[in-house]
Amino acid sequence: MDESAAARRAAAGDAAAFGFLVRQHQSRLRGFLLRVTGGRHALADDLAQETFLESWRKIAQFRGDGSFAGWLIEIAWSRFLMDARRRKEDMPGRMPEPCGDPSQDNMARLDLEKAFTFLVPPERAALTACYALGFSHDEAASLLRMPLGTLKSHITRGREKLQAHLQGWEKCR
Amino acid sequence: MNLDELLSQPLAEIPDRHFSAHVMTEMARREIRHARIETAARIAFAAAAVGTLAATEPGRELAATALSLSFFAQICVGLVVLLLWFSLRIAPE
């Protein structure tokens, strides 16, 4: 079953097709939310679940002119903002837990995840959407509901902060 | 590895570990709850409508007519009302 067929069937009320979409997208969505929440696993998973439940409720509104992944990211980001507003907190990050072998690549990835926790959520979301998830600037601006100029500013500022933190740690090694 | 390469790496794969199953269970649970709330709201609406109707002159006339019907006719009217109720519930939007 391909994604658009599954989305069409889910829109017609087919829960099994929706289950297929959940399995297909859970990793990317949870990964995005894990980045945005600054490594908070439980919160990221709660938001991911609410995102899927909201997407099921609104599945008839999914027109298929964009990707299903993009639509999920849009819902997830709006859920995250609502949750952050409710909590009235600035979402300071948590140190991500290391996983797998401590190889060079994994260390670099872990350093990156650690550096991400020093960014503010819109910077985390903009960088993750444009780099790791591969959305264009226009697409990301639309998904994250921010003007293109604002998105680009978040990317520039985020990159500068990451560069500064990663270089600082490199010197300490 | 420079920053752009590092940022462009796909996000680390997160194993499902029953996450999807949990989402589907929660989805089913909320649908059942939603259906119950909907049924309760329909019953409350029907009760309020009957109560309001009973207080009006046409309602009293209707009740008098219903009471004058034979037991079999009353059962038939009841069944028709139930049938209409359920056909409205399952009618496509």
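The values are calculated or read from the model by the stated rules, or taken from the named source; none is laboratory data. Note that the coordinates shown come from a computational prediction; the quantities given were computed from them, not determined experimentally. Heads up, the Cβs are rebuilt from the backbone with ideal geometry, glycines too, and the neighbour counts pull from every protein chain shown.
Structure above, values below:
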read-out	value
Only one of B:52, B:25, B:56 that is within 14 Å of chain A (Cβ to nearest Cβ), polar (S, T, N, Q) and over 30 Å from residue A:109 (Cα atoms)	B:25
Filter result for residue B:48 (over 30 Å from residue A:23 (Cα atoms) and under 27 Å from the mean Cα position of the chain (by Cα))	yes
Residues of the range A:129-160 that turn out to be within 13 Å of residue B:3 (Cα to Cα), within 11 Å of chain B (Cβ to nearest Cβ) and not aliphatic (A, V, I, L, M), as a count	4
Test set (1) in contact (Cβ under 8 Å) with a residue 40 or more places away in the chain; (2) buried (at least 22 other Cβ atoms within 10 Å of the Cβ) - residue A:30 fails condition number	(1)
Criterion: at pLDDT below 90, more than 9 Å from every other protein chain (Cβ to nearest Cβ) and not in a helix (DSSP H, G or I) - qualifying residue of A:13, A:39	A:13
Positions within the range B:1-22 being over 20 Å from residue A:49 (Cβ atoms), more than 7 Å from chain A (Cβ to nearest Cβ) and not in a loop (DSSP other than H, G, I, E, B), in sequence order	B:4, B:5
Unique match (being within 12 Å of chain B (Cβ to nearest Cβ) and not basic (Lys, Arg)) among A:61, A:26	A:26
Some residue of the range B:29-38 being surrounded by 15 or more Cβ atoms within 10 Å (Cβ to Cβ) and either among the β-branched types (Val, Ile, Thr) or at the interface with chain A (Cβ under 7 Å from one of its Cβ atoms) (or both)	no
Leading residue by the ranking (nearest to residue A:73 (Cα to Cα)) among those in the range A:111-128 that are facing chain B (nearest Cβ under 10 Å) and of a type outside the set (Ser, Thr, Tyr)	A:127
Evaluation of residue A:107 against (1) part of a helix (DSSP H, G or I); (2) of a type outside the set (D, E, K, R); (3) modelled with pLDDT of 85 or more (one fails), failing number	(3)
